[in-house]
Amino acid sequence: RDPDIPLDNNHAEQLLRKVVVHRKLWGCIRNEKGKRFVSNTLSCIETWKLQDKNVFQELQKFTS
């Protein structure tokens with residue numbers, strides 16, 4: 001057993017929880033294209049946070 005590897009996946013589950021909560025709040029997104037957009041956007045945001053990147057600056061790269 002590697003002591004650096006946790007025995008549970010609580011960290012991953014907590015990250016997914018944010019996506020699920022947002023998805024429920026944005027229940028008005030009913031079509032598949034909208035769902036993919038929201039899922040991909042939230043995934044990018046959470047990844048940038050884990051990488052200690054500025055989320056606003058990263059989002060600006062896509063809009064400029």
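Looking at the structure I just gave you, is residue 61 loosely packed, with under 10 Cβ neighbours inside 10 Å, in a helix (DSSP H, G or I) and not hydroxyl-bearing (Ser, Thr, Tyr)?
Values: loosely packed, with under 10 Cβ neighbours inside 10 Å: yes; in a helix (DSSP H, G or I): yes; not hydroxyl-bearing (Ser, Thr, Tyr): yes.
Against the criterion (loosely packed, with under 10 Cβ neighbours inside 10 Å, in a helix (DSSP H, G or I) and not hydroxyl-bearing (Ser, Thr, Tyr)), residue 61 qualifies.
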Residue that is modelled with the highest pLDDT [pool: residues in the stretch 28-54 that are among the aliphatic types (A, V, I, L, M) and surrounded by 14 or more Cβ atoms within 10 Å (Cβ to Cβ)]:
45
Here the residues within the stretch 1-58 that are in contact (Cβ under 8 Å) with a residue 24 or more places away in the chain and either of a type in the set (Asp, Glu) or touching a strand residue (DSSP E or B) at 6+ places or on another chain (Cβ under 9 Å) (or both) are 46
Candidates 25, 15, filtered to the one that is at pLDDT below 85 and surrounded by 13 or more Cβ atoms within 10 Å (Cβ to Cβ)
15
Take the residues in the stretch 36-64 that are of a type in the set (S, T, N, Q) and within 10 Å of the chain's Cα centre (by Cα); name whichever of them is nearest to residue 26 (Cα to Cα).
39
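The values are calculated or read from the model by the stated rules, or taken from the named source; none is laboratory data. Small disclaimer: the values here were computed from a predicted structure and weren't measured. A quick note on method: Cβ atoms are made from the backbone with ideal geometry, for glycine too, and the neighbour counts reach across all protein chains shown.
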